[in-house]
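Structure record follows, encoded as C-alpha cells.
The values are calculated or read from the model by the stated rules, or taken from the named source; none is laboratory data. Note that the structure is predicted; figures quoted are calculated from it, not measured. Cβ atoms come from the backbone with ideal geometry, glycine included; neighbour counts cover every protein chain shown.
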Amino acid sequence: MRTSKYTKEFKDSTIQLILNNNESVSKIAADLDIHVKTLYNWMSSYKKEHRIPMRVVNTSSSTETLDEENKRLRREVKLLKQERDILKKATAYFAKEVL
C-alpha cells in the first residue's frame, strides 16, 4: 500500500480552501504545486466521506442574480466615489499645510 506524502490535515484544509473561497481547483493546484487530478481525487474522496453531493445545481434565476449583483455593484461604486472624494479633499488639505 502506497503512503501519501500529504497529511490528512493538509488535504482537508486544501479542500476547505477550494470549497469556502470558491477558488478553482486548477488555481489552487497551481498555487500549491499539486497536480490537478490529485486535487480532484481529494475532492471526490472528501465529498464521499462527508456525504456531500458531488454537484450542486444552482436553481435560482439568473436574472434575479444579475439584478442583485447590479444593486450591490451600484452601492459599491457609490461608496468608492465617496471615499475617493474624501481622499481628494484630504490630499488638498494636507498639500496646503506643506506649502
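Listing for the model above:
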{"quantity": "Leading residue by the ranking (surrounded by the fewest Cβ atoms within 10 Å (Cβ to Cβ)) among those in region 14-26 that are free of Cβ contacts under 8 Å to residues at least 12 places away in the same chain and within 14 Å of His50 (Cβ to Cβ)", "calculated": "Asn20"}
{"quantity": "Helices (runs of 4 or more DSSP H) contained in region 13-99 and holding at least 2 residues at pLDDT 85 or above, in contact with a strand residue (DSSP E or B) (Cβ under 9 Å, 6 or more places away or on another chain) and not small (Gly, Ala, Ser)", "calculated": "none"}
